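Working notes, structure below.
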Amino acid sequence: MAPITTTNREDDLLPGTEVVFKENGELAQGELVLVPHPSNNSDDPLNWSATWKTIIIANQFVFVFISIMTPLAIAPMTQIFEAEFHKTLPQVNMLFGAAAITLGYANFLIVPAANVFGRRPVIIVCGLICILANIWQGLVTSYPSFIGARVISGIGAAANESIMPMVISDILFVHQRGRSMTFYFWAYFMGLFIGPIISGAIASQISWRWFFWVCTILQGVSWILTIVAHPETKYERSDPGSPTGSVFDMALPSDKQEGPNASDSEGRTSSPSRAPNTAQLRPVGRPSKEQFSLIPRMRFNYSLAKVTRDIVSPIQIFSFPIILWAAFAMGFAANCLLALNLTQAQVFGPPPYLFTPDQIGFVNFAFVVGAAIALVTAGPFSDWIALRRARKNRGVLEAEFRLPTLIPYVALCLIGMTVTAVGYQRSWPWPATVVAGYMLVGIQVVGIPAIAIAYAVDCYKTLPGEIMIAATIVKNTFGFGMIFFFNDWAATGGYLSPVLTLMAITVGICVIGLAVFIPFGKKFRHMTKDSKLHSL
């Protein structure tokens with residue numbers, strides 16, 4: 001069956017609107033329209049086997065988990081740093097802030113570099129920077145040197161804020177991305193959750209410096225895995241912006257190719273120009289040798305004008321209402337977690353709790369449980385709802401179809417932050433605050449960003465890296481500002497006001513977005529459909 005062409009309807013050309021089922025909406029013979037349209041080459045990342053895609057996503061998981069763990073997992077060591085460097089709590093929190101602010105703004109260089117040189121060399125370079133920064137942090141003897149090491153650490157770790165969403169868009173079809181986007185946020189926040197557990201235990205039992213040595217070892221392992229098992233995923237197709245999809249059987253593709261194939265001058269295996277109608281005939285292959293190159297060079301058709309556009313576009317897309325909303329929804333949902341990280345030592349260190357650094361770290365297990373629940377619900381649930389509604393909509397998938405799945409996570413944010421604020425203020429027994437409050441916050445901090453960002457990427461498929469830059473700027477800029485006032489606000493006015501204010505902002509942003517974009521999101525997409533950013 002030839003590719004389905006739907007250009008006779010203007011809606012089908014609208015970014016974020018895709019035909020994913022046959023015209024009658026039935027899943028006849030398991031056929032599904034694949035968007036974006038893959039090429040006929042076996043080294044096209046969209047055509048790689050499920051095994052290779054799993055290896056790449058697992059590699060990204062390891063990189064994201066480890067690289068974010070080091071710069072943002074020092075909360076349990078706050079009291080140790082206060083004594084070691086003779087600094088106040090806000091000054092120690094600046095160690096967190098120096099890394100956090102760099103994490104956001106370094107992506108203005110990382111994303112253009114990933115578009116010019118590819119994802120693989122950028123990850124390798126950033127991984128090496130992380131290793132060197134970890135060594136520096138393990139050897140620091142002064143506060144200014146520590147601040148410098150944290151800045152460098154943030155530069156290296158910044159790649160985890162943008163590269164994995166770009167890789168997901170490179171290798172997966174639209175109907176598969178919700179689950180993998182949740183997996184990305186799970187990896188990111190698991191690094192934030194488990195990092196304090198590890199840092200607190202090591203600092204209490206051995207030395208705080210050994211936390212950075214352990215991170216150096218883990219980052220080294222991740223770096224080696226990237227070199228040997230993470231091929232280049234950026235791939236230029238002849239019609240990357242085509243709204244047309246191809247119909248393939250949904251059955252898992254076999255690793256064997258059938259049908260006549262020919263090799264071109266670059267060693268690619270090409271199949272006939274007519275798109276095959278079954279998975280058995282579709283090219284299913286693996287990365288080529290060139291995609292494992294260690295030499296970063298301009299292998300893609302990128303001019304200086306396009307590089308400049310890459311640098312400017314993360315700011316320009318703030319004028320797109322959908323991206324602006326998604327960035328703020330993710331940013332403030334994530335900063336709910338930051339609020340609890342900043343106050344952990346402040347709450348559980350003094351009486352009546354008198355927790356040690358390792359015990360303060362252990363409270364983060366509640367976040368881990370919450371994140372695990374979000375992993376198995378947010379992505380699969382949003383994908384299932386979106387496809388189910390598309391089937392009822394004559395096979396047409398609208399990006400807004402996944403938005404209603406955000407509602408339960410917004411409710412959990414409200415409940416979790418309220419329980420935590422009241423538990424802090426009234427010194428409830430720690431199981432009530434941690435098991436109930438922290439766990440619910442752990443669920444929402446993965447669920448809300450995953451669904452909001454997946455929605456934005458569905459609407460603007462060519463801008464996954466830029467969308468993550470926008471979201472990271474919001475998250476890290478506000479988070480950086482929080483270190484200057486949040487602890488003092490809690491100390492002078494109690495915990496109810498700061499924690500509940502942050503909760504109200506987060507819930508309010510999400511509710512406004514749901515009220516506006518569920519009924520009118522398509523109109524906003526129509527307003528920006530002619531933007532040149534769709535051709536990035």
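The values are calculated or read from the model by the stated rules, or taken from the named source; none is laboratory data. These figures come from a predicted structure and were not determined experimentally. Because the Cβ atoms are built from the backbone with ideal geometry, glycine has one as well, and the counts that use them run over all protein chains shown. What goes into the accessible areas is simple: the full protein's heavy atoms, side chains included, and nothing from ligands, DNA or RNA. Shrake-Rupley method; radii C 1.70, N 1.55, O 1.52, S 1.80 Å.
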*asked:* Given a 1.4 angstrom probe, I'd like the percentage of the accessible area of region 101-216 that is carbon and sulfur, rounded to a whole number.
replied: 76 percent
*Near the amide H of Gly285, under 5 Å away, which other amide H atoms are found, from residues 5 or more places off or on another chain, if H is placed in the peptide plane?*
Trp48, Ser49
*asked:* Between Val312 and Glu290, what is the label-point separation in nm under the 7 Å Cα-to-beta-carbon projection?
replied: 3.1 nm
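Residue separation times 0.36 nm, minus the C-alpha to C-alpha distance between Ile147 and Thr492: what's the value? Don't skip to the answer; put the middle values down first.
Numbers: separation 345, 0.36 × 345 = 124.20 nm, distance 2.73 nm.
Length gained, Ile147 through Thr492: 121.5 nm.
Just the accessible area per residue of region 382-534, please: how many Å² with a 1.4 Å probe?
On the way: 5500 Å² over 153 residues.
With the other protein chains kept in place, region 382-534 gives 36 Å² per residue.
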*Place a label point 7 angstrom from the Cα of Thr356 along the Cα-to-Cβ direction, then list the residues of region 60-84 whose backbone nitrogen is under 13 Å away.*
none
*Peptides 163-171, 217-225: what's the order by average Cβ count within 10 Å, highest mean first?*
163-171, 217-225
_Cross-link partners of Lys392 among lysines (Cα-Cα below 17 Å; sequence separation of 8 or more within a chain)_ = Lys22
_Phe486 - accessible surface, heavy atoms, 1.4 Å probe, Å² rounded to 10_ = 10 Å²
*Would you list, by chain and number, the lysines whose Cα falls below 20 Å from the Cα of Lys523, excluding same-chain residues fewer than 8 positions away?*
Lys461, Lys532
*Ignoring any ligand, DNA or RNA, what whole percent of the accessible area of region 434-536 comes from carbon and sulfur when the probe is 1.4 angstrom?*
73 percent
*asked:* Less than 17 Å apart at the alpha-carbon level, and either on another chain or at least 8 residues along: which lysines does that give for Lys53?
replied: Lys234, Lys256, Lys289
